[in-house]
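As structure tokens, the structure follows; a few thoughts come after it.
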Amino acid sequence: MIAATFEALADPTRRGVVELLKQKPRRAGDLAKALGQSRPAMSRHLKVLRKTGLVEPANDDGDLRARVYQLRPAPFHELRDWVEEVERFWSLELNAFKAHAEKKHEKKHGRRR
């Protein structure tokens, strides 16, 4: 799921949709206008975002012309959790490297206090 999320967010227009939807739910037409996209192009972008679960219709009255979209928090939580896991990994690796470098330095130069 993370790969699909990254793939969807690789497109600048789709990132723009996410930025706008962070502020409030919006109609597809309003998103298209704000991002300088045609309605058919925005429809394709929203289809990708829906398919990856990043957005969902805020109203489900069946009228696609006036459909309002909102963000779904779950995929963003999953993405955040993955990034935090990677950060923890690199933090441990860097701390281990630092300890190793300090130990080598102390061996080479003797312990100074």
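The values are calculated or read from the model by the stated rules, or taken from the named source; none is laboratory data. Since this is a predicted model, take the numbers as computed values, not measurements. All Cβ positions, glycine included, derive from the backbone under ideal geometry; neighbour counts span all protein chains shown.
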For Gly53, all conditions in the list (1) within 21 Å of the chain's Cα centre (by Cα); (2) modelled with pLDDT of 75 or more; (3) at negative phi hold save one; what is the number of the exception? (3)
Out of the residues in region 25-49 that are in contact (Cβ under 8 Å) with a residue 12 or more places away in the chain and among the charged types (D, E, K, R), state the one that is farthest from Gln70 (Cα to Cα). Arg27
Out of Glu106, Glu84, Glu102, report the one residue that is modelled with pLDDT of 75 or more, under 19 Å from Phe6 (Cβ atoms) and either among the charged types (D, E, K, R) or not in a helix (DSSP H, G or I) (or both). Glu84
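Conditions (1) over 18 Å from Trp82 (Cβ atoms); (2) touching a Ser or Thr at 6+ places or on another chain (Cβ under 8 Å); (3) of a type in the set (Val, Ile, Thr), marked per residue:
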residue: Ile2; (1), (2), (3): no, no, yes
residue: Phe6; (1), (2), (3): no, no, no
residue: Asp11; (1), (2), (3): yes, no, no
residue: Arg15; (1), (2), (3): no, no, no
residue: Lys24; (1), (2), (3): yes, no, no
residue: Lys33; (1), (2), (3): yes, no, no
residue: Ser38; (1), (2), (3): yes, no, no
Within region 27-49, residues more than 12 Å from Asp11 (Cβ to Cβ) and of a type in the set (S, T, N, Q) come out as Ser38, Ser43
